Amino acid sequence: QHHHYSSSSSSSTTTNLSRRVHYLKSELGSYYGTRMQIIFLLTLCAIVMIFKEDIVGLMVLDKEVNVVGKIPVKVLRTLALEGKKEFDNEVTKEYGHFAQEIFRNESVLTYFKTPSDAVASKDDGSTTVDLLDLSRERLKRRLKIKIIESQLMNGTTTNFTWVIGGHSAAAGHGNLLRQAYANIIEQSLRGVFGSLGIQFYAKNYAMGGTKSGPEIALCMESVFGRYVDIVSWDYGMTDGRSPELYHLWTYRAGMHPTRPILFSYGQRYADSIHKEVEDAGGAGFEMNFLHVKSMFPNSDDTNVDVSQLPPAVKNYVCNNGHVESGEPCGDKYIKFDTNHTCPTIGYQVSWHNGWKDHLLIGRLSAAFIIENLLQAIDELSSSNNHAASFQDDINAMNPSSSSSTSSITATTTETKPVIQPSISSSYLAFLKEQENQDRESFLQTIPPGNVFEKRTNVVSESVLNHLKRSWSFCRTAVLPNQARYDGVVMGEKNRQPANYLYSGKTDYKEEGYDIRKALPSEEPENNQTEPYLVYNLKNNRNICSEAEIDFKDVFYARYKDNWMTTTVPNNAEEEYYSFFDKSKDDGSNRLNGIIMLCTVPFDWGHYSPDYVTIHEMVFYKNTTNTTTTNTTTNNETTTTTPAPTPSPTTSVVNSGGIVVNGILSTDAIQVHEDRCYVLKHNSEDSGYFFPPNSEGKFEIQFRVPREGNL
């Protein structure tokens, strides 16, 4: 059916290869101009068809000083346009005559707004077009880098990766994973990027019932992976009213080794925060296409012949302009289309998008990237006079100072001479140097104050700055999780990374223990037992194989095991995060030793009796005696029993606790609701910092102080 997408890329790859061979034969034939060269080209194409090598990678001239791609920009644009033609055909099938207006070039470029769009509008409603859009320039710069790398890096695959972060709606709950908008983006862009020799991924790493921070934001390298070009935020239902968490998100993205471009879906503070991101050398885009849905007719309007509507429009808007709401649009069996694959699938509720909404979000997002990709190709040609204004772009993208109202300040950077845009190693180096300059600008900015929710503003400013602006090792059990897929989290030797399938899904084989089956026997005499990686806490593996891939797995410490021990980073993690040099120039260790622990959230706070909190680990006392409070409301009296507050005066030296490199944690500072805490070992600010051991690592020991589990 029109909205079902195959995970197989073989047909797409063959189509792209055939298309590229066809155009290389026609365009490059005239480009070389002699029969011998044409014969050589045809021979080369035959070799490509046999060995399935990348023709772009083969057609490269290697010079000692400068490497120049042999395929002209004109041919690259032709290849990309041919890929776009396939995309246009698909959206025409889905949206019929509506596609002509919705996917018009001028319309598509407005579907994501930047801070420049906001300041370009005048009070009289008119707009100015002479303002350089920093975010768009930086997005196109990243695209140019990938295009050039695909031409010059012989034998190496060039990847472009978009990772989707978000809550259950973004994860596609209620739908098949193939129907979620992440997969729509991947399927839409795979052909266009593939025609240029670039492998495109859109990984759906959204997780139901999860906020953007602190765990996910501080674990971007682990969860999202080490190589990310775009990362998107879609947490409107969980922390859309928490600008502090979005600040944390943007600053941790700035610390990521590939410093991804930011996209957000429904972030109400995007205009102001993305302005700060731009001033610090980054790029930020906010969704701006909700008005598109108003173009579709109401399917419950008696004057509308629903049978004539295109498949993606039929029964999409009802109830006076409401999407997937009312009858028949909100009907479960119309909004969701899963029975043909999964007879039973959960989470088909009103607040989760149906397949038509995911399709539209994915198609519009992809269309925006395609238009920017075509512009990036055009700007790589020196014949379009782009180089004449390039120096002005550089100066504008490296301002000497930021607005006085901004919470950050950018530094002055040295102006570089103009380098003619081209597919060459020298221009590639120039673009990468620009990205490095922007990273340095970011590192010298002054970050905002608190980056956690307002009621948890208890961590000292020095610690906050480290959490916002420092490299970190993160070991998290949640799925999806790139570090787990790559065989790093458990530290197993010679474990092969999982193979990629589609939309972030892999053939990952479960590690750890199914909690609904027998766990290993207790080992109270073995103080080196690792906390167990445990899954299936809520029987969440008992689902259709084509449904969601997000699960809240945990590391599990038991009372009966006495002391349990883990070391961070393990050897596999140390190698995996090799981009982070632990040693300073003077040989001292760079790690500050701030330890944050996050426990698994339970729906609506329904914790089981054997659940042991971080506070109990640090401040254990008998919690069976509670006080009762009577509250009178509307002439009715209700009795509530508040959760006990642990006392910091009760030491756990003799009964249990948390020890880091032999130092007992004596305090745990809450930084996020009731599940994330920063450890301390004394009352001063220095108590936040646990010194590393002689190997530059942190041995963390847990002893659960009562019957139960951490």
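The values are calculated or read from the model by the stated rules, or taken from the named source; none is laboratory data. None of the values given here were measured: they were computed from a predicted structure. Every residue, glycine as well, gets a Cβ built from its backbone with ideal geometry; the counts of neighbours run over all protein chains shown. Surface accessibility is based on the protein's heavy atoms, side chains included, excluding ligands, DNA and RNA. Shrake-Rupley method; radii C 1.70, N 1.55, O 1.52, S 1.80 Å.
Would you call Asn353 under 26 Å from Gln187 (Cβ atoms) and surrounded by 19 or more Cβ atoms within 10 Å (Cβ to Cβ)? Lay out the reasoning, then the answer.
Details: under 26 Å from Gln187 (Cβ atoms): yes; surrounded by 19 or more Cβ atoms within 10 Å (Cβ to Cβ): yes.
Yes: the conditions hold for Asn353.
Selection of the stretch 287-327 for residues being open to solvent by 40 Å² or more (accessible area, probe 1.4 Å), touching a helix residue (DSSP H, G or I) at 6+ places or on another chain (Cβ under 7 Å) and more than 25 Å from Gly236 (Cβ to Cβ) yields Pro311, Lys314. Looking across the stretch 143-195, the residues that are surrounded by fewer than 24 Cβ atoms within 10 Å (Cβ to Cβ) and polar (S, T, N, Q) come down to Asn154, Thr156, Thr157, Thr158, Asn159, Thr161, Ser168. Scanning the stretch 248-275 for residues that are open to solvent by 30 Å² or more (accessible area, probe 1.4 Å) and under 28 Å from Trp351 (Cβ atoms) yields Gly266, Arg268, Tyr269, Asp271, Ser272. When the stretch 335-345 is filtered for residues that are within 16 Å of Gly172 (Cα to Cα) and open to solvent by 40 Å² or more (accessible area, probe 1.4 Å), the ones remaining, listed by number, are Asn339, Thr341, Thr344.
Which ones in the stretch 130-159 are in a helix (DSSP H, G or I) and among the hydrophobic types (A, V, I, L, M, F, W, C)? Full working, then the answer.
Kept after step one, since they are in a helix (DSSP H, G or I), are these residues of the stretch 130-159: 134-152.
Leu134, Leu139, Leu143, Ile145, Ile147, Ile148, Leu152, listed by residue number.
Does Ser400 qualify as being assigned to a helix (DSSP H, G or I) and either at pLDDT below 50 or open to solvent by 30 Å² or more (accessible area, probe 1.4 Å) (or both)? For Ser400, the condition - assigned to a helix (DSSP H, G or I) and either at pLDDT below 50 or open to solvent by 30 Å² or more (accessible area, probe 1.4 Å) (or both) - is not met.
Scan the stretch 299-323 residue by residue and report those that are over 23 Å from Asn89 (Cα atoms), part of a loop (DSSP other than H, G, I, E, B) and out of contact with any Cys (no Cβ under 6 Å at 6 or more places or on another chain). Matches in the stretch 299-323: Asp301, Thr302, Asn303, Val304, Asp305, Asn319, Asn320, Gly321.
Taken as a whole, the stretch 517-531 holds no residue that is surrounded by fewer than 19 Cβ atoms within 10 Å (Cβ to Cβ), among the polar types (S, T, N, Q), under 30 Å from Arg259 (Cβ atoms) and free of Cβ contacts under 8 Å to residues at least 60 places away in the same chain.
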